[in-house]
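Below: one structure, written as structure tokens.
Just so it is clear, none of the values below were taken in a lab; they were calculated from the coordinates. Just so it is clear, the model here is predicted, and its values are computed rather than measured. With ideal geometry, Cβ positions are generated from the backbone for all residues, glycine too; neighbour counts draw on all protein chains shown.
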Amino acid sequence: MKVDSVVDYVTINIDGEDVDVPKGTNIIEAVKMVGKGKEVPHYCYHPKLSIAGNCRMCMVEMGMPMRDRATGEAVLDENGVQKIGWMPKPTIGCATNAAPGMHIRTNSEMVKESRNGVTEFLLINHPLDCPICDQAGECRLQEFSAEHGRGYSRFIEQKNVKPKRTRLGSRVTLDDERCILCSRCIRFSKEIAKDDVLGFVDRGTYSTLTCFPGKELENNYSLNTVDICPVGALTSTDFRFKMRVWFLKRTHSICTESSVGANTEIWSREGKIYRITPRRNDAVNDTWMTDSGRELFKEVEVGDRLTHYTIDGVHKTSAETAAAAAKLLKEGKVAIIASPHSSVEEQFYCKAIADRSEATVSLVSHYGATDGILQSEDRSPNLRGALVNGLVDQLPDADLSAVAQQIESGAVDTLLVVNEEVTQLGISAELLKKVKVIYIGLHANVVSEDAAIVIPSLSVFEKDGSFINQSFRLQRFKAAIPGPRGVLSDFMVLEHIAEALADEKIPSGSIDAAWEHIAKGVSQFDDSLRWRSIPEEGLELDPTAFLDLPFVETKNLKYDSAAFKEAHATPAGA
Amino acid sequence: MEHQQHRLIFKHIDEPGYTNDIDCYIKHGGYEQLKKAVTMKPEDICAEVLESGVRGRGGAGFPAGMKWKFLDRKSGKPIYLVCNCDESEPGTFKDREIVHQDPHQLIEGMMCSAFAIQAKLAFIYIRGEFFQGYKILERAIEEAREKNLLGDNILGSGYSCDIIVHRGAGAYICGEETGLIESIEGNRANPRIKPPYFPAALGLYQCPTIVNNVETLCDVKHIIEMGGKGFSEIGTPGNTGTRIWCVSGHVQKPGYYEFPCSAVTLGELIYDVCGGLKPGRKLKAVIPGGSSAKILRADERFTGKLKDGTEFDWGIEDIPMDFDSLMAVGSMSGSGGVIVMDDTTDMVEALANINYFYAHESCGQCTPCREGVPWMRKVTQRMVDGNAREEDADLLKNIADQIAGRTICAFGEAASWPVQSFIAKFKDEFVEKAREQAARRKDGKEAATETTLI
């Protein structure tokens, strides 16, 4: 991590306790830094968006040390301590920045009373349809009403009526009655997604969120507005009315859509994924992710999933299959088509297999256009992993014409394919018939049909593992749901094959046992590194060995190729 | 006793034969002050304005010279001058007359001010309903431009500044200076949070901006004419210059009357200047500074200390009409809209009317105002409709307390002060309303009485 040494700290006093916070920190963040579960309640404030200051929930009392207007000298009380000039009105925490000597009260009578007032106001026209609201359970309004509300209503008038199901775009549906007009979604669209389509129409209590005429909320980040909506106004059309959030299990994962490696959280229940949301990582994706990344779990569910280990079309056990594969590989003349979609662990054992069977290794690139935010040019999550593992030392080609030539010339007899539809990458179906194929993959396809050995694989949601993203950050993902019955994690099967090639004993099968080998075998990893010890926010690796490679990523939210190169070109400590 | 008006700003308003074209204005000595101003040093004009002590005529009464002093001149960004002609406070009708009858006075005042603060460009933000005024201003600006009184190289001074007239689309909140700025920028007139968006530093297009009321800008012209000291001799220290009182309501002769600050008392204004109440009526209450000012009850005694330490003990008729005295009695001179109510006024209905206005005008940006003000409106409307409850008075007061001081802009106060003061001073009427309605209901009659409410 680069340490910014120029951060100025100022001392402020929060509820009688002196705290050092970076200068300019707003009071909401400052109070969060105090810890101890302290929080200034807020709706419209979001750490990654501009300050709007419209919800008025984050009111605190603020005072500055008193100075004599004329002389500028400190005004002291009878104990010789500088007096604090408290502001007569509460001030909003989100727009108040820490300044030296500032005093803050987050829990005084005035503060409590103003929060209570705001809560009451927000509720008078709120439909209070929590029992059918998707946000229930993760609703800020619900939480703060319980914490700061009065618990009963004094409102006996008619509530405002607004539209209940407005389509904002194909993925987002708006319930206007629940909207508290915090404008987070508007600011997000404008500032982060750079697609300014949302705004308020009408005035006062009739203000209504809507799309600009003729526009729709259709950008690939639209579902982030649902995430940041503090209430149940913006709902995911897909998730709407499907599941109560408190029934869902949350698993930390990594988005496989591109080399950005957005941190995600998978929400599942009883082996079924209901939604994927972003997980905050300020070095990778802030608090955002793409809409397309959230739908990847659906691709796993569709199509003809491979569920059995087979040898020549006959179901076998994993051990038998691994042994058969090893036997085949031992015959030599092997080409391995590895994948940048595989995890670090899988690639490590691919590399071991390649070494032990003296195989050539090819990788196919999966490139696309960048959107400049969280979708990079490289649409695979772990190309850097293949480099770090030493599986390849060059960037991959777009197709497999080189391997095709080798098959043609008879230099290759056996092909180990990891999850690539090779018939679309330069090796024709006829050519494929000339070789024996070991196929490791998720779904049945042309390659698996004719393969001698088929090894079913698990999706990223069903296994533990790690990826290395565009900025050489090693990030861990965990299994959220079980895979098809009897299917082992991919790395285990590869491990079995690799060990069989070296006639070593059968490995233990746990991911951390595998990491004992991986940590030793890969120079970028510390010897004591284990999968379990990879921090939640990821681990930055040393990229210096790879800086000269012409990576395709140019610029996106947290990555700038030129700046990255420059930052790592100078040796540490220089 | 007859009180002679001291007409400064309104000198030629309603004068027979006085027209709003530039020739007439020049014939009456117009644009002489601009000619004088461009020969002065800008900082000297600012010093004169500061010395004059002129306070903002739009409502808050903040010293204009001080406001100009806050201007961030070091940013290197262009400075803008904006004239707030959104006159939308109920009970106020002075700026309209200036624009309609003497637009060149405003233009001259603006150009003097623009020169003083070295503004790059000036705007007049005129409320949408003033369509006639807009046309008059456009024509007046064209006339002035032809005579090189604005535009490039004004009167050969090397200083250039133009005026753009921007029409509002009919919203009270556009009169709030940061809302007004947003509106000029083409956005919804949602007031900005302060800090950090103080117009003097981050105003129009994030550049230093001065927003002044029409009357204040006209005053600048007279300050140049008579000097800051000369101007400050009108009125009393701290309350300098003249004020135009727009008297409406239950008086014989409603209208606008210009007096030096403190020159008349509220009683003199109502009884002598405006001809008193209608025959047989008694004074019940006065809102002295536009509908958002706190109401004063006719039979109250006001005691306390003025800023300078002098003690006072006034009845409503003894209150001198100036900034500080009205502040001292717990209200404000605001925009100068004096609303007089006699004993035929139903206070609940009056408040329902005011609440209707503010609920309609809330911009809806921040929670307390957006939700609270319409709530107060719904309560008063229900009370008028025949479903008043005795506890409604306390509820109203409590809602208002939850709004005032908790909002982004001063609208929160503007909307809650009437409620707070009506309840504080006429709570008995609100409670009585509920009892009356209950009694009528018991008699099998319609609970609500006929009202004249909109």
Using only Cα atoms and rounding to the nearest 10 degrees, what angle (0 to 90) does helix B:214-232 make with the longest principal axis of chain B? 70
Can you list the cysteines of chain A that have no other Cys Cβ under 4.7 Å away? A:C58, A:C94, A:C130, A:C133, A:C139, A:C179, A:C185, A:C211, A:C229, A:C255, A:C350
Projected convex hull area of chain A, Cα atoms, direction-averaged, in nm², equals 32.7
Would you calculate, for chain B, the mean residue ellipticity at 222 nm contributed by helices, counting each DSSP H stretch of 4 or more residues as -39,500 (n - 2.57) and dividing by all residues, to the nearest 500? -12000 deg cm²/dmol
Test of understanding: ordering A:D450, A:D291 by Cβ neighbours within 10 Å, fewest first, what list do you get? A:D450, A:D291
One finds, for A:R67 and A:K36 with R0 = 45 angstrom and r their Cβ-Cβ distance, a FRET efficiency to the nearest 0.05 of 0.90
Tell me the angle of helix B:411-442 to the major Cα principal axis of chain B, expressed in degrees between 0 and 90 and rounded to the nearest ten. 20
What number comes out for the charge environment of A:T11, summing +1 per Lys or Arg and -1 per Asp or Glu over other residues with Cβ under 15 Å away? -4
Largest first and in whole Å, give the semi-axes of chain B's equivalent ellipsoid, each being the square root of 5 times a Cα gyration tensor eigenvalue. 40, 25, 20
Answer in debye to the nearest 20: the dipole magnitude of segment B:239-339 about its Cα centre, from +1 Lys/Arg and -1 Asp/Glu charges placed on Cβ, is 480
Can you list the equivalent-ellipsoid semi-axes of the protein assembly as shown, largest first and in whole Å, using the square root of 5 times each Cα gyration tensor eigenvalue? 72, 32, 26
Chain A, relative contact order in percent, only Cα pairs under 8 angstrom and at least six apart counted: 11
Could you tell me the relative contact order of segment A:1-143? Use alpha-carbon pairs under 8 Å, at least six residues apart, and round to a whole percent. 28
What's the FRET efficiency of B:E43 with B:M226 using the Cβ-Cβ distance as r and R₀ = 30 Å, to the nearest 0.05? 0.95
Under a point spin-label approximation (7 Å from Cα along Cα-to-Cβ), what is the A:I132-A:D18 distance to one decimal in nm? 5.7
Obtain the nm distance between the two label points defined at A:K215 and A:E358 by a simple spin-label model: each point lies 7 Å from its Cα along the Cα-to-C-beta direction. 6.4
Provide the net charge surrounding B:G151, with neighbours chosen by a C-beta distance below 11 Å and charges set as Lys +1, Arg +1, Asp -1, Glu -1. -2
When only Cα pairs under 8 Å and 6 or more residues apart are kept, what is the percent relative contact order across segment A:118-300? 19
